[in-house]
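Data block below; observations after.
The values are calculated or read from the model by the stated rules, or taken from the named source; none is laboratory data. This one's a predicted model, so the numbers in the text were calculated from it and none came from an experiment. All Cβ positions, even for glycine, are placed from backbone atoms using ideal geometry, and neighbour counts span all protein chains on display.
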Amino acid sequence: MISYQQVTKIYEPELVALREVSFEVKPGEFVSFVGKSGAGKSTLLRLLLAEERPTSGEVVFEGESVNRVAGNQLPAIRRRLGVVFQDYKLLPSRTAYENVAYVLEVMGAGEDVIAREVSEVLDIVGLLGKAHQFPAQLSGGERQRVAIARALVHRPRVIIADEPTGNLDPYHTRDIIRLLVRINELGTTVLLATHNREVINRLGKRVLTLENGRLARDEERGRFVI
Amino acid sequence: MRDRSSSSAAIVVMVIAVSLFTFLVFLQGFSSYVVASIENRIAISTYFTDEASEQDILDAKEAIIKMSVVRQVEYVSKAEALERFQERHLQDDVVMESLVAVGGNPLLASLSIRAESPEAYEQITAFLSTSSFAPLISKVDYQDRAPVIQRVSQVSAAVRVGVFLMSFILGIIAVLVAFNTVRLAIFNSRDEIEVMKLVGASNWFVRGPFLVQGILAGASATGITLLLMIPSIFFFAPRLEALVPGFSLWSYLWGNFFMLLLLQLGVGVGLGVLSSTIAIRRYLRV
């Protein structure tokens, strides 16, 4: 489903973020990327989103080379992905409902479809009762759950979560990870970048360890080893 | 919670920009009127000898008026010249007594010529000196009036250039200020644009609302400017007419209303759309 083929990313002039990274992700997998800050985890995910282009190598998603796709084709790829960021990236002037609905508006969904789907995903993340509150009125954990609902509402093939628990306390961290696991159990592939050792060791899922831009380890039931 | 301050600021700045353009249009009209008024006072007279018959003079008038640089030619007969002279000097006993002493009518018939521009008088004078009726001409008083004509020409040109430069510079300033305000409004939306791009919005989906906002801001600015302009002109018009008789700002407004409205809409909406388009381009590269 997803394939990184000898991917190297160098930021000018000499900063090597990734060096000849290769791996594949099958449909329905839950894959965690771990490593120190600056190891290249976020860069790896940004390449899949085509926020960045690799210096060399190729990123392939569902048979399409993401880095070779024309600019006007990128929206179509991104609509098959759902993204959760560490800083939530919610639109502050829109309510929780509107933040989630936005994705379906972008896709041209009708009002009735939007109403049904948004309510369903907000219910899944446990925030239906707070649908009409603005992000500033929600806690950090609640905001992240809204972000997850937004990432999920259009039923993407893959959810990309880049340090989703970075700004959260342990309780909210546990809730968010449980949510991601549940989403994965329903069939969505999840890519999680984190430097939270507890999260990784509890998950017991596939772990790819990055060190200085290289793929150091790829373990099916990995642990975060310092 | 909804941020309207950036949009309001953009509209306010665009009202200023549109108002400035409107002011410049009125300034152009006003300065053109003033320059034309000054130029209208200039004329040269061609005096004909007593041997020239009235028909000769009228034929000369026909020939002169055909020149593209000539605006108006007035024939002043000997009798009329005398009448005007007597009216001008009625209170001057010495002049009137001298006239009686000379006897008869010493004044000559003439053609008073007004050109389209001060620069044309030299050309007209040259034409007169080489024309077929040159032998009938006693004098052309261009040389006597040349210094004044030249001065008026310089002042007119300076006013035109000055108004043009001022319009150009103020116009650029207005555009830059409005552009930066719109850019700031869009800058404040950069997070929103980033999210839009990352969830798969196409460039036009992202661009569209900002273009519409630009159009609406421009149209709103035009409407507000009109609402402010009409009572302002109503107030200032009589005061300006007292200073410069003959130029009615109020009449100028209504005489050019639709042109002005189109210009304002063009400037307002154009500025809004152009500013939005340029400002948002850098954020569409995500």
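Worth a mention:
- Any hit, the range A:120-128, residues being crowded, with 16+ Cβ neighbours inside 10 Å and touching a Pro at 6+ places or on another chain (Cβ under 7 Å): no
- Residue within the range B:117-124 that is loosely packed, with under 11 Cβ neighbours inside 10 Å, over 19 Å from B:Y47 (Cβ atoms) and under 38 Å from the mean Cα position of the chain (by Cα) present: no
- Checklist (1) out of contact with any strand residue (DSSP E or B) (no Cβ under 6 Å at 6 or more places or on another chain); (2) surrounded by 15 or more Cβ atoms within 10 Å (Cβ to Cβ); (3) assigned by TED's automatic domain parsing to the domain that holds B:L128; (4) of a type outside the set (S, T, N, Q) applied to B:K66, failing item: (2)
- In the set B:G272, B:G200, B:G246, B:G268, only one residue is within 29 Å of the chain's Cα centre (by Cα), small (G, A, S) and outside any helix (DSSP H, G or I); that residue is B:G246.
- Taking the range B:179-192 as the range and being within 14 Å of another protein chain (Cβ to nearest Cβ), over 15 Å from B:R207 (Cβ atoms) and part of a helix (DSSP H, G or I) as the test, only B:D191 passes.
- Verdict on A:P135 being touching a helix residue (DSSP H, G or I) at 6+ places or on another chain (Cβ under 6 Å) and either modelled with pLDDT of 90 or more or among the aromatic types (F, W, Y) (or both): yes
- Residue within the range A:192-199 that is at pLDDT 90 or above and of a type in the set (G, A, S) present: yes
- Total residues in the range B:1-60 satisfying the condition of being within 14 Å of chain A (Cβ to nearest Cβ) and charged (D, E, K, R): the figure is 3.
- Selection from the range A:68-91 of residues that are farther than 25 Å from A:T194 by Cβ and among the polar types (S, T, N, Q): A:N72, A:Q73
- When the range A:149-187 is filtered for residues that are within 14 Å of chain B (Cβ to nearest Cβ) and either of a type in the set (A, V, I, L, M) or part of a helix (DSSP H, G or I) (or both), the ones remaining, listed by number, are A:A149, A:R150, A:A151, A:L152, A:V153, A:V158, A:I159, A:I160, A:A161.
- Residues in the range A:164-180 that are surrounded by fewer than 20 Cβ atoms within 10 Å (Cβ to Cβ) and touching a residue at least 40 places away in the same chain (Cβ under 8 Å): A:G166, A:N167.
- Qualifying residue in the range B:70-80 (condition: of a type in the set (D, E) and in contact (Cβ under 8 Å) with a residue 24 or more places away in the chain): yes
- Residue among B:V199, B:V148 that alone is in contact (Cβ under 8 Å) with a residue 40 or more places away in the chain and of a type in the set (A, V, I, L, M): B:V148
- Condition met for B:L176 (away from chain A (no Cβ under 14 Å), closer than 29 Å to B:L24 by Cβ and out of contact with any Leu (no Cβ under 8 Å at 6 or more places or on another chain)): yes
Rundown of residues vs (1) surrounded by fewer than 22 Cβ atoms within 10 Å (Cβ to Cβ); (2) assigned by TED's automatic domain parsing to the domain that holds B:V13; (3) closer than 20 Å to B:A279 by Cβ; (4) among the charged types (D, E, K, R), yes/no style:
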| residue | (1), (2), (3), (4) |
| --- | --- |
| B:M166 | yes, yes, no, no |
| B:I173 | yes, yes, yes, no |
| B:F187 | yes, yes, yes, no |
| B:R190 | yes, yes, yes, yes |
| B:E194 | yes, yes, yes, yes |
| B:V199 | no, yes, no, no |
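- Criterion applied to B:F205, B:F210 was being more than 7 Å from chain A (Cβ to nearest Cβ), buried (at least 16 other Cβ atoms within 10 Å of the Cβ), in a helix (DSSP H, G or I) and among the aromatic types (F, W, Y), and the one residue passing it is B:F210.
- Residues in the range A:22-76 that are within 14 Å of chain B (Cβ to nearest Cβ), of a type in the set (D, E, K, R) and part of a helix (DSSP H, G or I): 1 in all.
- Close pairs from the range A:51-71: first closer than 25 Å to B:V195 by Cβ, partner aromatic (F, W, Y) and assigned to a strand (DSSP E or B), Cβ under 6 Å, at least 6 apart: A:V59/A:Y4
- For the range A:72-97, the set of residues classified as among the charged types (D, E, K, R) and touching a residue at least 40 places away in the same chain (Cβ under 8 Å) consists of A:R79, A:R80, A:D87, A:K89, A:R94, listed by residue number.
- Every residue from the range A:19-42 that is without any contact (Cβ under 8 Å) to a residue 60 or more places away in the chain and under 17 Å from A:D162 (Cβ atoms): A:G38
- In a residue-by-residue description of the range A:86-106, the property of being assigned to a strand (DSSP E or B) and either of a type outside the set (F, W, Y) or more than 8 Å from every other protein chain (Cβ to nearest Cβ) (or both) applies to no position.
- Hey, B:M229 surrounded by 14 or more Cβ atoms within 10 Å (Cβ to Cβ) and of a type in the set (A, V, I, L, M) or not: yes
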